[in-house]
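Novice: Mind looking over this structure? Questions follow.
The values are calculated or read from the model by the stated rules, or taken from the named source; none is laboratory data. Just so we're clear, the structure is a prediction, and the values are computed from it rather than from any experiment. Neighbour counts run over all protein chains shown; Cβ positions are idealised from the backbone, glycine included. Side chains are part of the model used for accessible areas, which takes the heavy atoms of the whole protein and leaves out ligands, DNA and RNA. Shrake-Rupley method; radii C 1.70, N 1.55, O 1.52, S 1.80 Å.
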Amino acid sequence: MALAKLAASRSTCLSRPTGCVIIRDKQILSTGYNGSMPGVAHCSDEGSCYRRSIGASDDGKYDYCRSIHAEANAIALAARQGVSVKGATVYSTLFPCYVCTKLMASAGISEIVFELSYESWNKERDKHWKEATGQAKLKLREYKIDEKDKIFFEYFIQNETSRRRLKSE
C-alpha cells in the first residue's frame, strides 16, 4: 500500500489523487496513477479540474473527466509491456470504480486491496460496485498502513536511504 500511496503522489488529478500497484508473487508487475491521456492537458498543469470548470454534474463526471484511473493506467502499462496480470493483487489507495472493477475482473485480477472506500454521494451506486466485485469473485480487503509502518517509511523518506549503516571491511 505504501507503494500505491507513492504512485498517487504522481497523480495530476486535483480532486482525488489515486495510486495503484499490481503485485503477484511478491513482485511488482505495474504501477499507475490517475492522470490525463498522453497529449491531453493535465488539470494540475492548468490549475483547475476540467470537469468542474465546464460545469459537468457528478452524474456524468466520467464522460468529462480527463483522468484515466490509476487501476486502468496500471493495467494498460502492464499490457504495453506484455505483462500478464492474471492472478495478481491490486493495491489501490481508493476503492475502484465500476469500470475499473470490470477491467480488473476481465484482466484476471484476483484481489483488490484498498485504503479508502469510494463514498460517493450515491450510496446505491457504491453498494452496487461492491456487490459486483463479489459476483466477479474478486476478493476485497480494506487495508490501512499502521503507525509503526508509517514511522518506518517516514524514516526512509526523510533521510538518505542508502547511507552506509555498517562499517566497510
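Novice: At q = 0.18, 0.26 Å⁻¹, what log₁₀ I(q)/I(0) does a Debye calculation on the Cα points of segment 68-156 give, no solvent, two decimals?
Specialist: Computed log10 I(q)/I(0) values: -0.82, -1.29.
Novice: Give me the one-decimal nm value for the distance between modelled label points at Arg163 and Ile28, 7 Å along each residue's Cα-to-Cβ direction.
Specialist: 2.3
Novice: What is the percent of Cα-Cα separations in the chain that go past 28 Å?
Specialist: 28
Novice: Let me ask you something else. Which residues does a label at Leu116 reach in segment 15-46, if reach means a backbone N under 16 Å from a point 7 Å past the Cα toward the Cβ?
Specialist: Residues passing the 16 Å test: 15-21, 33-35.
Novice: Using 1/(1 + (r/R0)^6) with R0 = 30 angstrom and r between the beta carbons of Lys130 and Asp45, what's the FRET efficiency to the nearest 0.05?
Specialist: With R0 = 30 Å, the Cβ-Cβ based efficiency is 0.30.
Novice: Based only on Cα atoms, what Rg/Rh ratio does segment 1-43 have, Rh being taken as Kirkwood's radius?
Specialist: A ratio of 1.05.
Novice: Please report how many Lys pairs in segment 96-169 have alpha carbons closer than 14 angstrom, counting only residues at least 8 apart along the chain or sitting on separate chains.
Specialist: Close lysine pairs found across segment 96-169: 4.
Novice: While we're on this one: With an 8 Å Cα cut-off and a minimum separation of 6 or more residues, compute the relative contact order for segment 63-125 in percent.
Specialist: For segment 63-125, the relative contact order is 35 percent.
Novice: Still on this structure, please answer the following. Determine the share of segment 23-135's accessible area contributed by carbon and sulfur atoms, expressed in whole percent, with a 1.4 angstrom probe.
Specialist: Accessible surface attributable to carbon and sulfur in segment 23-135 totals 51 percent.
Novice: Right, next: Could you report segment 5-74's accessible area per residue, 1.4 Å probe, as an integer in Å²?
Specialist: 56
Novice: Right, another one. Dividing the convex hull volume of the Cα atoms of segment 91-143 by its residue count, what figure in Å³ per residue is obtained?
Specialist: 63
Novice: Another question about this same structure. Accessible area per residue for segment 80-169 in Å², computed with a 1.4 Å probe and the full protein assembly in place, what is it?
Specialist: Accessible surface, normalised per residue, equals 71 Å².
Novice: Quick one: of the DSSP bridges fully inside the chain, what percent are antiparallel, nearest 5?
Specialist: 55
Novice: Sticking with this one: How fast does segment 9-96 diffuse by Stokes-Einstein, in µm²/s, taking the Kirkwood radius from C-alpha pairs at 37 °C and 0.692 mPa s?
Specialist: 240
Novice: Given a 1.4 Å probe and the protein chains all in place, what does the accessible area of His69 round to, in Å² to the nearest 10?
Specialist: Accessible area, nearest 10 Å²: 40 Å².
Novice: Now a separate question. Would you mind estimating how fast segment 53-93 diffuses translationally, via Stokes-Einstein at 10 °C and 1.306 mPa s with the Kirkwood radius over Cα pairs, in µm²/s?
Specialist: 128
Novice: Moving to a separate point now. How long are the semi-axes of the equivalent ellipsoid of segment 19-67, taking √(5λ) for every eigenvalue λ of the Cα gyration tensor, in whole Å from largest down?
Specialist: The three semi-axes for segment 19-67 are 29, 13, 8 Å.
Novice: Using Stokes-Einstein with the Kirkwood hydrodynamic radius over Cα pairs, what translational diffusion coefficient do you get for segment 107-169 at 37 °C and a viscosity of 0.692 mPa s, in µm²/s rounded to a whole number?
Specialist: The Stokes-Einstein estimate is 212 µm²/s.
Novice: When the helices in the chain are scored as -39500 (n - 2.57) per DSSP H run of 4 or longer and the sum is shared across all residues, what 222 nm value do you end up with, to the nearest 500 deg cm²/dmol?
Specialist: Per the formula, -10500 deg cm²/dmol.
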